[in-house]
Structure formats: structure tokens, C-alpha cells
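Notes to accompany the following structure.
The values are calculated or read from the model by the stated rules, or taken from the named source; none is laboratory data. Because the structure is a prediction, the values reported are computed rather than measured. As a convention, Cβ positions derive from the backbone with ideal geometry for all residues, glycine included, and neighbour counts pool all protein chains shown.
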């Protein structure tokens, strides 16, 4: 039954991260042909923004070592956006060489995670990103900035909101188009999410330039999404079938499953453009490739019983 | 981090259903000594209202055949409430004989589920409940009424809100103290939940007399709870460790896990009286008794990695 709720948007853009954030954090290395089929099927299910891969060094993420090969075989369509993650200028060079028009950079709200994930201080990581963003913008690329650990950090505990806003502001001041707030370890709750979004607005980063990126480690991803929608956010990151996690963060489990998000949004009468049945079929197929059941509750509920 | 959100209550009463709704729907029959230990540990973790068992005929629910024996060994404390489910007058007789002071009856918002679960039409089931409630009230008992299938029914599909309100009104007109709205198959979303609560208020059943009972089949239980809190509800049903389901409803999986609920409420600065660490330890112990991992995300996240 579709029943709207006051104060929510009419339409939400789902930023699909399964092929990148999902597959990057799975033990199984999926062949490039299956990755391409995954992206094509996600697009056929109505997803229009699909983060496809990462130009990080294959030594760090062997799961995505085939980035160039994947981009080479993916069908291009003016209605489809394929952002790719680039960690540094070398990554940007590779993204440009492969015809990418959208990139994402990945910052941290905490010093400990910056050191562990980027091997740099926050300041050093921002220095590394500055020429990436500058060159990308000069080439006319769209640039998203991720900020991770925005609700808590496994080593530092609570992360002060003004510390997040400080990193966000420095990234957006470089000229990034969109900022994705990532609760990488899934500890946040709806009041904290609302306060984060309001603090960004107060610092000049309105909800129209924000996305939210929740992990379901503590089961909070969807209620946090509801709070974010109410605070004006209209772009939500999700991973088809709930695949992925974060190998560098303790106790981080999968991303919010796209299907669970779509179930809530469609129930609220919010348009996503997604065909849920096609999406579930795609996630069931990918779960077979990964050799384990999908962690998405909706995928489980809509799959035939054994 | 505890960050409140405007429009939510300061305190929420958790109505713990694990020993009844949880264990009733597990394949394993738990020995009475373990059930007693379960209830005692839940109380020690701070839960004050614990639905302990059901006086339904053992032929239908062998898992709870030891109801009288369990109540006989449970420690009594004026601060602890132990409601028990009673299906009919025979069940009420047994509850009274065992010193119960709180009972619950279990109605259905749909004809199909009434037939399948109660072997009666809705009208016939209400006729069966009327003398139960009348006699219970005459004895000074507190009476809760459940209404199941309030958001959808596996056989009938969407359930009109006025159909739910009609059954609710007839139950509350009997003199019941509290009405628990049950999304038995977990299909509801936050707009529908809000509309249901508002429709009950318009019919004279205010949010102060309502509880909500969500299943996490489609991952919606916690965002629906957030919507219910915003609509004024302050009593939330949950099952420690997320155990249980509903054997008579297709594709129904576990109840909202008490731990996942507590994580959100405490994050919102809402008082529950629950010690989360003790609760998680209790659910891990019960998961061992049931021979499978707890489906609660919080229990999984806070358990030592294998």
C-alpha cells in the first residue's frame, strides 16, 4: 500500500554502489563479464547512477583490478551515469584515459581512519585530493566527495559533528558537486543524522548537495534514511542485495540494501524509477555468483522458499 | 552518541514478547527451566513488561505447553508485569488459576487470517473474546488486545485502514486497556503506520492507548517504529534477539529485535531502563539454546568475532 508522509520528497535518486563499494568488500573476485552483466542488469532495473569501479591500486583492492577492462565493455548511454572512485592523481589519469565523466574521492572525518585507509593525516589527504579535484573540474568532470566515519569511528568512538563539518567544508570548498556522508560503521541514529545534516546546512552545504551512505551493522540504516529524507536529502546511497562492507573498519557489515530502501520509498509513494522485481532477480543472481544468500531482507522475503 | 530528535517521547516502554511470541515460533522446544532463566535475565536487563507465555491449547502450540509450570517458578515482583496470552474463556480460567493479573487477546484485522489463526470469522472471534474481556475486567485484570495483519495480509493483500479501525474499535469498546497494532507480515512503511495511528486517534483510540508490533520481514520494523514514536506512541513490542515469527503467516520472519530498538532509542536519548550489554548477553545465551545465531544486527555486531 502506498501512503505518503508529510515532509518527504516526491522523488529520491538512488546512488547505487553495489559494483564498487559492494564488490570491493567481498572475498570473492567476480569476473569482469559478470561485473558488466551486473551493471547492465542494475541499469535495466531502472538505476541511473551506478558507481562502477575504483582506480585504486590493485595491490590494495584486487577485487577491482579490472576497472579499465570493465569500463571498456560497459554500454554507454547518455541517461546512465557511471561514477568511479579515484584515490589520487594517478587514479584520475586512469579515469580520464578510460573516458570517465564522473569521479568520486574518499575522505575521512577522523585522523585514525585517514591513517589506516589513506596512510595520511586528514590534512595530507586533503592536500592529495586538491589537485585531483582541480584537474577533474578543469576537464568538466562531476566530482563527488565521500566523508567516512561521520557518526562514529571504531578507534576514536564518537565523532564530533563540527569535526565532520570541518572536513566536509574543506572538500566542498575545492568545488565538489556532491558530498556523501558515510556512517561507515553503522552506529548512528536518527537524531545524530538530522543534526549532521542541519550542521552542514548551517555551514553552507545544503541538503540538495548532500547524499547519505548508511551501513546496516546495527540495523539503523533505514530509520536513519527516513530522518535524512525528512531533513531534505534526496540522494541515498545503497548497494543491490546489501553486498559489501568495509574491510578496514572493525565490525562494519553491509551497506543498506537497495531493495530494502526501495520497499520503504515505494511504500511512501516516493518515485525511484526502480523496478523492484528486476532488482531482486539481479541480486539473487549476484548472490549465486558470490556463493552466499543476499543479506537484504526484501530479497530474502521475495525469493521462493527452499 | 546520544542526540535527541524533536517530536519524540522522552521515555518508551518496551513490551518484551520474546518468551511468548518469540519462543512460540521457534522449532526448538525450550525446557521450562531455560524459559524461567530467560525471563529472569530479561528482567535483570531492565525489561519491566514481559509477555511470558500463552494459555492456548498445547495441541496448537506445543512450544508453550508448560505455561502453568513456568508461571509457577517465575519470581514475582510488584515492579514486573507478566502478561499472558489467552485465546478464550478456558485460557482465562487457566490464567486466573495461575495468579495472572495481566492478559492479552489476539484478534485479526482480516477475515482470512481470523479463519486460519482462530478458525472463526472476525465477528465470531469478537463474540468469543467478549466474555473473556468482561470476566477479566470484573476480576480487576489489565487486558491488552492485539490486532494482527494491520498493514497487509498474505492472502488478502492490502488491508484498508478503516477495516483495521473497525476491529480495533470493537475490541477497545469491550474495555481493553491497550491495543497493539501488529504488522504481522512486515510489509508496512512509515506513511501507512502514521495513517493507521492517526485514524485510530480520530476514532477515539489515542496514541497513549496504542502499542506497535512490527516484524522485520522487509527490513522496515525500525523505520516504522520511528514513525510511530513521532505519531505519539510510547509502547513498542520487541523480541529479545529478534527470535520468533508467525507460523501461520507466509513469509513472516522475526519480530523487531529488542536490541536493535534499544540501540535506536538510546541513540535518540530516549530512556528505556534497559541495560543493553546484559540484554545482548541474554540473547546470545538463548541463541545457543536455540542452536542458531541471533538475527538481531546489534547482537551480531556486539558479539565477539569467531
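From B:188, B:269, B:242, which residue is within 14 Å of chain A (Cβ to nearest Cβ), touching a residue at least 24 places away in the same chain (Cβ under 8 Å) and surrounded by fewer than 24 Cβ atoms within 10 Å (Cβ to Cβ)?
B:269
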Number of positions in region B:198-228 that are more than 8 Å from chain A (Cβ to nearest Cβ), crowded, with 22+ Cβ neighbours inside 10 Å and assigned to a helix (DSSP H, G or I): 4
Index of the failed condition, residue B:134 passing every other in (1) assigned to a strand (DSSP E or B); (2) over 17 Å from the mean Cα position of the chain (by Cα): (1)
Looking only at region B:148-158, and only at residues there that are surrounded by fewer than 24 Cβ atoms within 10 Å (Cβ to Cβ) and touching a strand residue (DSSP E or B) at 6+ places or on another chain (Cβ under 8 Å), the one that is nearest to the other protein chains (Cβ to nearest Cβ): B:158
Boolean, residue B:164 is within 14 Å of another protein chain (Cβ to nearest Cβ) and assigned to a helix (DSSP H, G or I): yes
Per-region count, region A:9-67, residues in a helix (DSSP H, G or I) and either modelled with pLDDT of 95 or more or buried (at least 20 other Cβ atoms within 10 Å of the Cβ) (or both): 23
Subset of region A:122-147 that is over 16 Å from residue A:91 (Cα atoms) and touching a helix residue (DSSP H, G or I) at 6+ places or on another chain (Cβ under 6 Å) - its residue that is nearest to the other protein chains (Cβ to nearest Cβ): A:147
Failed item in (1) crowded, with 24+ Cβ neighbours inside 10 Å; (2) at pLDDT 95 or above; (3) closer than 30 Å to residue B:99 by Cα, with residue B:127 passing the rest: (1)
Breaking point among (1) out of contact with any helix residue (DSSP H, G or I) (no Cβ under 9 Å at 6 or more places or on another chain); (2) part of a helix (DSSP H, G or I), for residue B:78: (2)
Test result for residue A:182, outside any helix (DSSP H, G or I), crowded, with 20+ Cβ neighbours inside 10 Å and within 14 Å of chain B (Cβ to nearest Cβ): no
